1. Filter segment 91-114 down to residues that are more than 41 Å from the chain's Cα centre (by Cα) and not in a helix (DSSP H, G or I), then give me how many there are.
2. Name the single residue that is modelled with the highest pLDDT among those in segment 55-75 being surrounded by fewer than 10 Cβ atoms within 10 Å (Cβ to Cβ) and more than 16 Å from the chain's Cα centre (by Cα).
Amino acid sequence: MRKRKAPARAKAGSVNVEDLSLKDLNDLEAKVAKAKAHARTKAKSDVKAKIDAILASSGFTIADLYPVARVGRRGSTKVAKFVNPDNRSETWTGRGRKPNWLVAKLSKGATLEDFAV
């Protein structure tokens, strides 16, 4: 036969929420949310201080351990690797379809290395 757990007893300083009015519950909820936000901020700053101490003693920086990688296509610019000698504003990064000017010159016997930047 299983024993049933005894109902949780109120500790000193605890609040019996079943006896509170709606206004009191809302006030308590706001206080709890504020306390949680404060506790989260304090926990973050404690962890940051520990990490800073470890980094300082090791001689590394956070960038050494976690280099920032660009994610996605937006904001990332590709460097041109090939340029049209007749019109320097026409470039190609080496990705995707070859531009028409490059295809035309390659068909006339030029090599890709002739257009490298």
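The values are calculated or read from the model by the stated rules, or taken from the named source; none is laboratory data. The structure presented is a predicted model; accordingly, all values stated were derived computationally and were not measured. Using ideal geometry, Cβ is built from the backbone for each residue, glycine included, and neighbour counts are taken over all protein chains shown.
1. Qualifying residue count for the region: 4.
2. This residue is SER57.
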